[in-house]
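Notes to accompany the following structure.
The values are calculated or read from the model by the stated rules, or taken from the named source; none is laboratory data. Note that the structure is predicted; figures quoted are calculated from it, not measured. Every residue, glycine among them, receives a Cβ derived from its backbone with ideal geometry; neighbour counts consider all protein chains shown. Surface areas here come from the heavy atoms of the whole protein model, side chains and all, with no ligands, DNA or RNA. Shrake-Rupley method; radii C 1.70, N 1.55, O 1.52, S 1.80 Å.
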Amino acid sequence: MNDLALRLAPEDPTPWVNRLELMIDQSAPREDVEETWRELTRRDPWHREGHILKLTYHCRKWSGSHEAMFGFARSVAAAAPVGSPLHVLPVRAAAEWALWEQERGAPDSTADEIGQRWRQDPLMQSELDNALSRWFRQPATRHADWLNDVNFLAYGLARTGRDADAAPVFASIGRYMTSVPWSWWDHLRGDAAFIRARRRARHAA
């Protein structure tokens, strides 16, 4: 069916996104993944879902590495146009890294220690600033999966203790939390982590 879509709509990136997802799921050879990626981005250089899939491909849990994941996310965010949700990509990468640390990393990688490392990391702070200024605060039209991106941004701000900055982000979310990434916070129930972080943000506003 996807091959039929490729033939019927040769300039549509969507079939290439579907192909990329299948390739990641099936651990396809790297050269095949990269060829699909080139075809996808030729049709849409800033395709949001395609870039999130490519980030997943680079994750350590999918036989990638933290270095490859962060390198990809940061290079995309550095080049993405103002108003693009891809400015949140490094925050997504940081959330993936934190999940790995909590579940498979060093025994002392607790949620509080990860938050402290983020607070002391100027690069992480810069990436949060970039996502706020170049995406969240821009008068761009909200895309279909906007809530997914804004929940990641709120999560990153909350875990670094930037509660005042997180307040307008939580206000934009309202009650529409997403289970990921909130369920990644120290094995808490997602709704409990979200409500706790939102309460702190409201008090800091």
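Of note:
- Counted residues, the range 134-187 - those being open to solvent by 50 Å² or more (accessible area, probe 1.4 Å), part of a helix (DSSP H, G or I) and closer than 18 Å to HIS51 by Cβ: 3
- Enumeration of residues in the range 61-106 that are over 19 Å from TRP46 (Cβ atoms) and touching an Asp or Glu at 6+ places or on another chain (Cβ under 8 Å): LYS61, ALA94, GLN102
- All helices (runs of 4 or more DSSP H) inside the range 83-133 with 3 or more residues being of a type outside the set (D, E, K, R), at pLDDT below 90 and over 11 Å from the mean Cα position of the chain (by Cα): 111-119
- In the range 53-68, the residues that are within 20 Å of SER126 (Cα to Cα) and either under 11 Å from the mean Cα position of the chain (by Cα) or loosely packed, with under 14 Cβ neighbours inside 10 Å (or both): LEU55, GLU67
- Sole exception among (1) in contact with a Gly (Cβ under 7 Å, 6 or more places away or on another chain); (2) within 18 Å of ASP191 (Cβ to Cβ) for TRP135, by number: (2)
- Of the residues making up the range 63-82, those that are in a helix (DSSP H, G or I) and of a type in the set (Gly, Ala, Ser) are ALA68, GLY71, ALA73, SER75, ALA77, ALA78, ALA79.
- Residue tally, condition over 18 Å from the mean Cα position of the chain (by Cα), within 22 Å of HIS87 (Cβ to Cβ) and of a type in the set (Gly, Ala, Ser), over the range 153-205: 7
- Qualifying residue in the range 100-117 (condition: of a type in the set (D, E, K, R) and surrounded by 19 or more Cβ atoms within 10 Å (Cβ to Cβ)): no
- Any hit, the range 172-195, residues being over 24 Å from ARG60 (Cα atoms), modelled with pLDDT of 95 or more and of a type in the set (Lys, Arg): no
- If you check ARG119, ARG42, ARG48 for being under 27 Å from ARG142 (Cα atoms), basic (Lys, Arg) and in contact (Cβ under 8 Å) with a residue 40 or more places away in the chain, only one passes: ARG48.
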